[in-house]
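Each remark here refers to the structure printed beneath this line.
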Amino acid sequence: MARHPLAGRPGPTPENRVFQHHAFDALAHPATLAAVAVLLINDHVLKRLAPSVWTGKLSDFAGLFFFPFLLSAAVVLLLRPGGLDRRVRLSSSRLGTACFAATAIGFAAVKTIPAANAAAVSAIESILGLPVSLILDPTDLIALLALIPAWRLWHSLEGRPHIARHRVLTALGLASLATVATSPCPPVLPITHLVALDGDVFALSTQWRPVSSAFRTTDGAHWAFVDDAELPPELVAAAEQPALLPKTVCDPDQADVCYRVSGEAYLQATSDGGLTWETVWRSPTTRWSYMARAASGYGQPLSCPKDLDFSTHDLVILGKGPEHFALAAIGNEGIVRGRVSSEWASVAVGGTRPTPDHGTLANLLPPFIILGETIAAILAGSAVALVLSRIAWKRERISDAGASSLPWVIVGLLVAGVAIVLIVQELAELIPIVILPLTAVCSWIAYLASGWIATLRAAKDSRRARSSLGWSLLGGTLVGLAVWIPFALWVLGVVPPYVLALALSVVLGIAAYRLGLRRICPDAPAVAATRSDPAGP
C-alpha cells in the first residue's frame, strides 16, 4: 500500500488548529486586507483632508465587507479548542449565515432606530471609555451591498488550503484595530445657525447640505435630534442664509438688555441699552494649552482629535423677561448659555462638545495626557539615582573591589529568555519593540545593583553605606515626583498656565536633587560634591 506523503508528520497543535478555519482564511484574504487598508486610510486621512458624504459611505462599505469575517473569527476563538473540530468545522455555513445576519441587522438597527443607536453608543463608550458618536442616517444602508461580495468570498474559501498562522494573526490584529479606531471619530459639524421658532430654539449645522443636522431645545440645556424631514420650511430657508456678524439681539421685555457676538472668542452684553458693554463670556485663554492637548487626544489611544475653535457663529434669545437665556453657538465647542450677571455654562449639542479646561484624577492614570512629562520625570529620577549612587560609591568604598557580575548574568539570561520565547511563538517581529526597552531598563538595574553590592562589601562604614543606598534611591524617586507633580497640578487646573508648571518642575527637581545630595554628603558643600569625579562600579 502506498504511503501518504504526509504520513508520519506531526499534526497541528491545538493552538494552531484553532486558526485552521476558513473564518481566518477569509480574514487574511488579500481582498479583506485591502478593505481594512481602505478603512484606515479613509478614516485617518481622507476624512480629515476632505470630509464629505462620500468618505462616510466609503468607511461603511469597507467595514461591512470584513466585519462578518472578524465576527466569525471571534466566535471560533471563543469555542476553542475542544469542540472546534466537530461543532465549528462542520457548521461553517451556519456560522457564516449567523455572523452575516447579525452584521446586517445590527448595522441597519444602529442607522435607523434611535433607541438601538443610543444603546450602541452607550455600549461602545462603556467599553472604550471614550466619547462616541454613531450617526443615525438611513441612507448609509446602501453600504449593506458590500455584504454580497463578502458572502461570495466566504463560500469560495470552503475546502481550500488554510492560510499561514502568522498571516492570520496579522490580519486579525489589523482588522480589530481598524474596527475600534474608526467609527468613534466622525467629523465634527459645528453649529452655524440658531433659530427661534414658536418658543423653541433650533440649532442647525449646514456643512454638507442645506441642513446637515438639526437639534431642538425648550430650555437651552437639553437638545433633541430633529430629522430633516420634520424641519419647517422657514428653518430650511434660514439655514441657506449665512448668519451676519456682528449680531446683536435684545430681550423682548427688557429692551436695555442686549447681547452681541462678532465672530471672536467672546460674548458681550449690555444692561443700559448699549451705552456700555461688558464681556460676559470669553474662552479660557490661560487653559488653552491643556484644552488643545485634550482636544488633540495626546497620549489617549483611540481618542477623537479636533482643533479648538471658539469663534462665535450665531446668537439667539430663548424666552423673555428676567428668566430669559442667551444662547451663542461657539465653533465646535457647542453652545454657551446664560444671561447678564449670571454664570455661563457650556452645553453639548450633537457632535459638538465642550472641551474640558481641566482634568480629573483619572487623567493622571494611564493612558497619560501628560505622557511626555511622565517619561521625562521617570528619566530624570533614574538619572539622579544613578548620579547619587556613583557619588556614594566613591565616598563609601574602602577599596576598589570588583563589581559583582551576578546582576549582569541575570539580565543576560532574562533578555535571552524573552527573545527565545518571542521566536518560538513566531513573534520575532516584536523583538525590536520589546527587547530594546527591556535591555535598557534591566541594564540600569544591573549597573546599580552591581555597584552597590561591591560598595556594601567594601564599605568603610556599613551603616552609613546602607543609609547612602536608601537616600540614592529615595533621592531619585523624589526628583521624579518633583518633576511630575507640577504637571499633574496643571492637569487638575491648580496650576493654570503650562509655563508655570514647567518652571515649578525644574525648581522642585533641583531642590529634590540637592536634598538627596546633602544627605549622602553631609560634611561637604553640594557644589564641591557635584564636581567630584565619582567612581564607577
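The values are calculated or read from the model by the stated rules, or taken from the named source; none is laboratory data. As the structure is a computational prediction, the values presented were derived from the model and not from experiment. Positions of Cβ are backbone-derived with ideal geometry, glycine not excepted, and every protein chain shown enters the neighbour counts. Surface accessibility is based on the protein's heavy atoms, side chains included, excluding ligands, DNA and RNA. Shrake-Rupley method; radii C 1.70, N 1.55, O 1.52, S 1.80 Å.
Checking each residue in the range 41-72 for being open to solvent by less than 50 Å² (accessible area, probe 1.4 Å) and modelled with pLDDT under 80 picks out ASN42, ASP43, LYS47, SER52, THR55, GLY56.
Tell me which residues, restricted to the range 320-339, are of a type outside the set (Val, Ile, Thr) and over 12 Å from TYR259 (Cβ atoms). Quick ask: steps written out before the conclusion?
Narrowing the range 320-339 to residues of a type outside the set (Val, Ile, Thr): 320-329, 331-334, 337-339.
Within the range 320-339, LYS320, GLY321, PRO322, GLU323, ALA329, GLY331, ASN332, GLU333, GLY334 qualify.
For the range 416-459, the set of residues classified as at pLDDT below 80 and outside any helix (DSSP H, G or I) consists of GLN425, GLU426, LEU427, listed by residue number. Scanning the range 464-491 for residues that are open to solvent by less than 50 Å² (accessible area, probe 1.4 Å) and within 15 Å of GLY359 (Cβ to Cβ) gives PRO486, PHE487, ALA488, TRP490, VAL491. Against the criterion of being part of a strand (DSSP E or B) and either touching a Pro at 6+ places or on another chain (Cβ under 8 Å) or closer than 30 Å to SER262 by Cβ (or both), ILE317 qualifies.
Can you say whether PRO232 is farther than 19 Å from SER341 by Cα and in contact with a helix residue (DSSP H, G or I) (Cβ under 8 Å, 6 or more places away or on another chain), as far as the supplied structure shows?
Working: farther than 19 Å from SER341 by Cα: yes; in contact with a helix residue (DSSP H, G or I) (Cβ under 8 Å, 6 or more places away or on another chain): no.
Criteria not met by PRO232.
When VAL495 is tested against (1) open to solvent by less than 70 Å² (accessible area, probe 1.4 Å); (2) hydrophobic (A, V, I, L, M, F, W, C); (3) in a helix (DSSP H, G or I), only condition (3) is not met. With respect to the conditions (1) part of a helix (DSSP H, G or I); (2) at pLDDT below 90; (3) open to solvent by 30 Å² or more (accessible area, probe 1.4 Å), SER341 falls short on a single one, namely (1). Within the range 201-216, residues that are on the phi < 0 side of the Ramachandran plot and at pLDDT below 90 sit with their Cβ atoms under 7 Å from residues that are among the charged types (D, E, K, R) and surrounded by fewer than 22 Cβ atoms within 10 Å (Cβ to Cβ), at 6+ positions apart or across chains, in these pairs: PRO210/GLU240; VAL211/ASP228. When the range 18-40 is limited to residues that are surrounded by fewer than 20 Cβ atoms within 10 Å (Cβ to Cβ) and assigned to a helix (DSSP H, G or I), the one that is modelled with the lowest pLDDT turns out to be LEU40. With the condition kept exactly as written, say whether any residue in the range 397-409 is in a helix (DSSP H, G or I), farther than 30 Å from ASP253 by Cα, open to solvent by 30 Å² or more (accessible area, probe 1.4 Å) and of a type in the set (Ser, Thr, Tyr). The answer is no, given that none of the residues of the range 397-409 is in a helix (DSSP H, G or I), farther than 30 Å from ASP253 by Cα, open to solvent by 30 Å² or more (accessible area, probe 1.4 Å) and of a type in the set (Ser, Thr, Tyr). Residues being closer than 19 Å to VAL495 by Cβ and in contact (Cβ under 8 Å) with a residue 24 or more places away in the chain: count how many of those fall in the range 346-363. Total satisfying the criteria: 8. Only a single criterion out of (1) open to solvent by 10 Å² or more (accessible area, probe 1.4 Å); (2) farther than 30 Å from CYS250 by Cα; (3) modelled with pLDDT under 95 is not satisfied by ALA380, namely (3).
For the range 198-288, which strands (runs of 3 or more DSSP E) that fit wholly inside it have 3 or more residues that are open to solvent by 80 Å² or more (accessible area, probe 1.4 Å) and not small (Gly, Ala, Ser)? Talk me through it step by step, then tell me what you get.
On the way: elements: 200-205, 213-217, 224-226, 247-251, 254-261, 266-270, 278-282.
Fully inside the range 198-288 and qualifying: nothing.
Is at least one residue of the range 362-371 in contact with a helix residue (DSSP H, G or I) (Cβ under 9 Å, 6 or more places away or on another chain), open to solvent by 40 Å² or more (accessible area, probe 1.4 Å) and in a helix (DSSP H, G or I)? Scanning the range 362-371 turns up at least one residue that is in contact with a helix residue (DSSP H, G or I) (Cβ under 9 Å, 6 or more places away or on another chain), open to solvent by 40 Å² or more (accessible area, probe 1.4 Å) and in a helix (DSSP H, G or I).
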